[in-house]
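Below is one structure, written out as structure tokens; the observations come after it.
The values are calculated or read from the model by the stated rules, or taken from the named source; none is laboratory data. Nothing here was measured: the structure is a model prediction, and the numbers come from that model. Because the Cβ atoms are built from the backbone with ideal geometry, glycine has one as well, and the counts that use them run over all protein chains shown.
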Amino acid sequence: MDYKELKNLIRGDFKRLSESNSIGSYIRVFAMNPSFKMTFWFRIGSYLKEKHNPLARILYYLVFFIHKHNQYVTGIQIAFGTSIGKGLFFGHFSCTGIDRHATIGENLTIFHGVSIGSVRGKGDHGEPVIGNNVVLAPGCKVIGNIKIGNNVFVGANAVVVKDVPDNAVVGGIPAKILSMDGYTNTQLYYPN
């Protein structure tokens, strides 16, 4: 990741929370919004992790400790280097874990109790691939070598273990398609 990409990712996360681009808005959101604090330090740490000069290494360890503190405070476990597009937003906190090998698109909204995980061992193992404009409602689980399309709404406590097409609303254990109104439902979570 280069510096320009880092700025783009941070700006995309910020735009989920504020329509103003003023420095005052950035300061207010950074100071008052735990979701932005989490995503900001995650982005900085992911950037520094790839750098190998001595100053970057020192800064990396400082950011690592800040990020660890934020993980303990919020209950959100997310490793540096996880592939997540801009516009990441945590609606609520606690008991949220994202596998570091998952691939996630832009504008992901995650609520509390969500797990995005891999499957190990024999059979169909691997990590999830999640598209753009996806909402993961409280308590849902996205597990294994599956693909979730764009504009998908995953209902509360759903367990997704099979591919989900674009624009779907899924729910249940195991998750089933409830409607193809995903675009309408996910747009409620994105400012325009």
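When restricted to residues that are over 13 Å from Asn133 (Cβ atoms) and surrounded by 17 or more Cβ atoms within 10 Å (Cβ to Cβ), the range 80-91 contains 4.
Summed over the range 131-142, the residues that are under 14 Å from Gly113 (Cβ atoms) and surrounded by fewer than 23 Cβ atoms within 10 Å (Cβ to Cβ) give a count of 4. Total residues in the range 1-27 satisfying the condition of being under 18 Å from the mean Cα position of the chain (by Cα) and assigned to a helix (DSSP H, G or I): the figure is 11. Would the range 50-60 turn up any residue that is under 26 Å from Thr186 (Cβ atoms) and either of a type in the set (Ser, Thr, Tyr) or assigned by TED's automatic domain parsing to the domain that holds Gln187 (or both)? No, that holds for no residue.
Within the range 37-63, the residues that satisfy the criterion of being surrounded by fewer than 16 Cβ atoms within 10 Å (Cβ to Cβ) and in a helix (DSSP H, G or I) are Pro54, Leu55, Ala56, Arg57, Ile58, Tyr61, Leu62. One residue stands out among those in the range 36-46 that are out of contact with any Asp or Glu (no Cβ under 8 Å at 6 or more places or on another chain) and not basic (Lys, Arg): the one that is farthest from Gly81 (Cα to Cα), which is Met38.
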